[in-house]
Amino acid sequence: PRAAVRESKMVRLLATVLCALLSCAEAFRPAPRAWGGHVAARSSVRMAVSKGDLVDAIAARAGVSKKMAGAVLSSALDVIVESVADGNKVSLVGFGTFDSKERAAREGRNPQTGEKMQIAATVAPTFSFGKGFKDACKRSYSASVATRTLNGHEAP
């Protein structure tokens, strides 16, 4: 019974991690700023969200300690990396798909000398955004454009 309860908590926490990943950037946007007597809903400033910021957001949403949120996030990322490195595809419905792609050997040029050189074949990780992720970005962008255009004027 205890293991089932703990596993259930971990599954809920992982679901919260994925939700936080989808909306984390929105949570860390700067406060609205005044513009020409109006308040613009979003700033044109783009922000980077660190792993620590993400752990804080997950802990707050899931109602768990930062230590547990950090452990779950790290574990989830480790499993994804290991799976893709082993040649498996990791698909998170609505979020995206992690995969790897083989790149064939090819000829390139040294940018400093212009000399031809052989580039070895390699395997590179790839990510394809899911429909839910794309839709969230489109909604966010549409709201941003709508609030930047006030009374026919583009916000600075």
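The values are calculated or read from the model by the stated rules, or taken from the named source; none is laboratory data. A quick note: this is a predicted structure, and the numbers were derived from the prediction, not measured. Heads up, the Cβs are rebuilt from the backbone with ideal geometry, glycines too, and the neighbour counts pull from every protein chain shown. The area values use the complete protein model at the heavy-atom level, side chains included, leaving out ligands, DNA and RNA. Shrake-Rupley method; radii C 1.70, N 1.55, O 1.52, S 1.80 Å.
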Stretched fully, the stretch from Glu115 through Ser140 gains (0.36 nm per residue minus C-alpha distance, one decimal, in nm) 4.4 nm
Amide H contacts under 5 Å for Gly96, restricted to residues at least 5 apart in sequence or on another chain and with H modeled in the peptide plane, are Gly130
What lysines could a cross-link reach from Lys89, if we take a straight Cα to Cα line under 23 Å and drop same-chain neighbours fewer than 8 places away? Lys101, Lys131, Lys134
Between Ser75 and Val49, Cβ-based FRET efficiency (R0 25 Å, step 0.05) works out to 0.85
Under a straight-distance cross-link criterion of Cα-Cα below 22 Å, which lysines are reachable from Lys67, leaving out those fewer than 8 residues away in the same chain? Lys9, Lys51
Given a 1.4 Å probe and every protein chain left where it sits, what share in percent of the accessible area of the stretch 49-114 is carbon and sulfur? 51 percent
